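Trainee: Below is the structure I would like to discuss, written out as structure tokens.
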Amino acid sequence: MDSALYKTKVTDAFNEAAATYDRLGVEFFTPMGRRLVELAGPRPGQDLLDVGCGLGATLLPAAALIGPQGSALGIDIAPAMVEEAGRQAGRRGLGNVEVRMMDGEYPELPDRSFDLVLGSYSVIFLPDARAALARYAALLRDGGRVAFTSPVFTRDTFPFLPPMFTELIPMSLLEHLPAAWHPEQLHRQLHSWLEVPADLVAALDKAGFTDVEITDENVAMTAVSGEAWVDWSHTQGMRLLWQHLPAPEAAALRTRLIDALEALREDGGPVRIDVPVRYVTATVAR
Ligand SMILES: C[S@@+](CC[C@H](N)C(=O)[O-])C[C@H]1O[C@@H](n2cnc3c(N)ncnc32)[C@H](O)[C@@H]1O
């Protein structure tokens with residue numbers, strides 16, 4: 001699939017998801033965004049860019065930390081995400097936030113104009129993320145930093161999902177995914193440099209960064225029920241799979257996932273899944 005068509009599909013999926021994104025009784029992107037901001041440590045008065053800002057899981061807590069003297073620019077390829085992120089910033093009274101629709105792979109922004117570039121679970125959607133990281137290095141002032149998250153990729157995991165789903169989602173279903181998400185393609189595009197820490201350090205070095213820190217931690221994802229989790233999965237990356245599954249396969253997968261997730265509930269409490277997340281920070285090398 002060519003990169004323009006792939007981006008159209010990603011844009012459509014996130015546009016359709018924006019109204020309910022991360023809001024269906026499941027906590028995941030918000031705690032992950034907060035933790036990324038904690039590790040990135042933006043300081044008062046700094047200027048920051050959040051690539052693929054979504055509804056602002058990192059943009060908004062980071063904007064609160066830099067205060068009114070700083071500026072926070074969120075860019076996203078999906079207009080509905082951008083609009084909603086702007087509304088959320090307004091609701092929180094964050095006057096230092098600006099949001100724009102823009103392709104995060106080729107940000108049209110002035111060189112050396114940011115102190116921090118953030119990207120939580122978004123850099124992984126870029127067809128050539130390594131080349132984009134080199135462009136982010138150019139956007140940073142001396143001493144500036146990049147901070148992003150990705151899944152902790154292992155050889156066998158279903159794209160973008162915690163390991164437990166490998167058993168629940170038959171490999172045959174992956175044939176329905178857009179070509180860009182087929183396991184071999186993902187391996188070339190993502191695992192090849194994100195799976196092994198030494199490869200990641202080498203990729204960041206090539207992109208113009210140094211002092212790379214990699215922190216793998218679980219995000220305790222909670223869902224009020226198995227059904228809530230499956231509904232939520234339609235509002236994030238897995239939407240691409242749901243959209244491409246024939247109806248009978250989608251119905252069977254829904255039932256299988258709900259049953260398995262419900263079995264994880266204890267005493268009527270929420271479903272809790274530990275999701276391994278990789279937090280990466282690095283400093284521009286100049
Ligand atoms: C999984 S969401 C993460 C959103 C947000 N960072 C968060 O943590 O909630 C991925 C986001 O990346 C955006 N995205 C995907 N491809 C992009 C691109 N080429 N340029 C800018 N944003 C992109 C999507 O529209 C979506 O909002």
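Trainee: Once both axes come from the Cα atoms, what is the angle between helix 129-139 and the longest principal axis of the chain, in degrees from 0 to 90, rounded to 10?
Mentor: 30 degrees
Trainee: From the Cα gyration tensor of segment 1-114, with a ≥ b ≥ c the square roots of its eigenvalues, which class applies: rounded if a/c is under 1.5, or else prolate if a/b is larger than b/c, or else oblate?
Mentor: oblate
Trainee: If you build a Gaussian network model of the chain, linking Cα atoms that sit under 10 Å apart, which residue out of GLY144, GLY41, GLY269 swings the most?
Mentor: Result: GLY269 has the largest fluctuation of those listed.
Trainee: Tally Lys and Arg at +1 and Asp and Glu at -1 over the other residues with C-beta under 14 Å from the C-beta of ASP128: what net charge comes out?
Mentor: +2
Trainee: Is the shape of segment 204-249 rounded, prolate or oblate, going by the alpha carbon gyration tensor and its root eigenvalues a ≥ b ≥ c, with a/c under 1.5 for rounded and a/b larger than b/c for prolate?
Mentor: In terms of gyration-tensor shape, oblate.
Trainee: What GluC sites (Glu not before Pro) in segment 225-286 are in a loop by DSSP, with at most 15 other Cβ atoms within 10 Å of the Cβ?
Mentor: GLU266
Trainee: Explain nothing, just the number: relative contact order of the chain, from Cα pairs under 8 Å at least 6 residues apart, as a whole percent.
Mentor: The value is 23 percent.
Trainee: State the volume of the convex hull built on the alpha-carbon positions of segment 66-184, expressed per residue in Å³ and rounded to an integer.
Mentor: Given the Cα convex hull of segment 66-184, per-residue volume reads 146 Å³.
Trainee: Got a number for the accessible area of SER3? Probe 1.4 Å, square angstrom, nearest 10.
Mentor: 50 Å²
Trainee: For the pair GLN69 and SER3, what calculated FRET efficiency results from E = 1/(1 + (r/R0)^6), where r is the Cβ-Cβ distance and R0 = 41 Å, to the nearest 0.05?
Mentor: Step by step, r from the Cβ atoms, then E = 0.60.
Trainee: So if we plug the beta-carbon distance of ARG91 and ARG43 into 1/(1 + (r/R0)^6) with R0 = 22 Å, what FRET efficiency do we get, rounded to 0.05?
Mentor: So the FRET efficiency works out to roughly 0.35.
Trainee: Report, to the nearest 10°, how far helix 197-207 tilts away from the longest principal axis of the Cα atoms in the chain, using its own Cα long axis and a range of 0 to 90°.
Mentor: 40 degrees
Trainee: Take the solvent-accessible surface of the protein heavy atoms, probe 1.4 Å, and return the percent of it on the chain that carbon and sulfur atoms account for.
Mentor: Roughly 52 percent, rounded to a whole number.
Trainee: Continuing with the same structure: Once fully extended, how much extra length lies between ALA131 and ALA202, figured as 0.36 nm per residue of separation less the alpha-carbon to alpha-carbon distance?
Mentor: Here the answer is 24.3 nm.
Trainee: While we're here: Would you mind working out the accessible area per residue for segment 137-176, using a 1.4 Å probe, and quoting it in Å²?
Mentor: 42 Å²
Trainee: Compute and list, largest first, the equivalent-ellipsoid semi-axes of the chain from the alpha carbon gyration tensor, each √(5λ) rounded to a whole angstrom.
Mentor: One finds semi-axes of 30, 21, 18 Å for the chain.
Trainee: I'd like the orientation of helix 29-40 relative to the chain: the angle between its Cα long axis and the longest Cα principal axis, in ° from 0 to 90, rounded to 10.
Mentor: Between the helix axis and the principal axis of the chain, the angle is about 30 degrees.
Trainee: Please say if segment 216-286 is rounded, prolate or oblate, where rounded means a/c under 1.5 for a ≥ b ≥ c the square roots of the C-alpha gyration tensor eigenvalues, and otherwise the choice is prolate for a/b larger than b/c and oblate otherwise?
Mentor: Cα axes put segment 216-286 in the oblate bin.
Trainee: Consider all pairwise Cα distances in segment 136-286 and report the whole-number % of them above 21 Å.
Mentor: 53 percent
Trainee: Now for a different question. Applying 1/(1 + (r/R0)^6) with R0 = 51 Å to the Cβ-Cβ distance of ARG272 and TYR106, what FRET efficiency is obtained, to the nearest 0.05?
Mentor: After rounding, the FRET efficiency stands at 0.85.
Trainee: Want the number for GLN185 to ARG155: 0.36 nm per residue separation, take away the alpha-carbon distance, what's left?
Mentor: Value of the extension gain: 9.5 nm.
Trainee: Restricting to the chain, compute how many DSSP beta bridges are antiparallel as a %, nearest 5.
Mentor: About 55 percent, rounded to the nearest 5.
Trainee: Stretch GLU262-ALA250 to full length: gain in nm at 0.36 nm per residue minus the Cα-Cα span?
Mentor: 2.5 nm
The values are calculated or read from the model by the stated rules, or taken from the named source; none is laboratory data. None of the values given here were measured: they were computed from a predicted structure. Ideal geometry is used to build each Cβ from the backbone, glycine not excepted, and the neighbour counts take in all protein chains shown. Heavy atoms of the whole protein, side chains included, go into the accessibility calculation; ligands, DNA and RNA do not. Shrake-Rupley method; radii C 1.70, N 1.55, O 1.52, S 1.80 Å.
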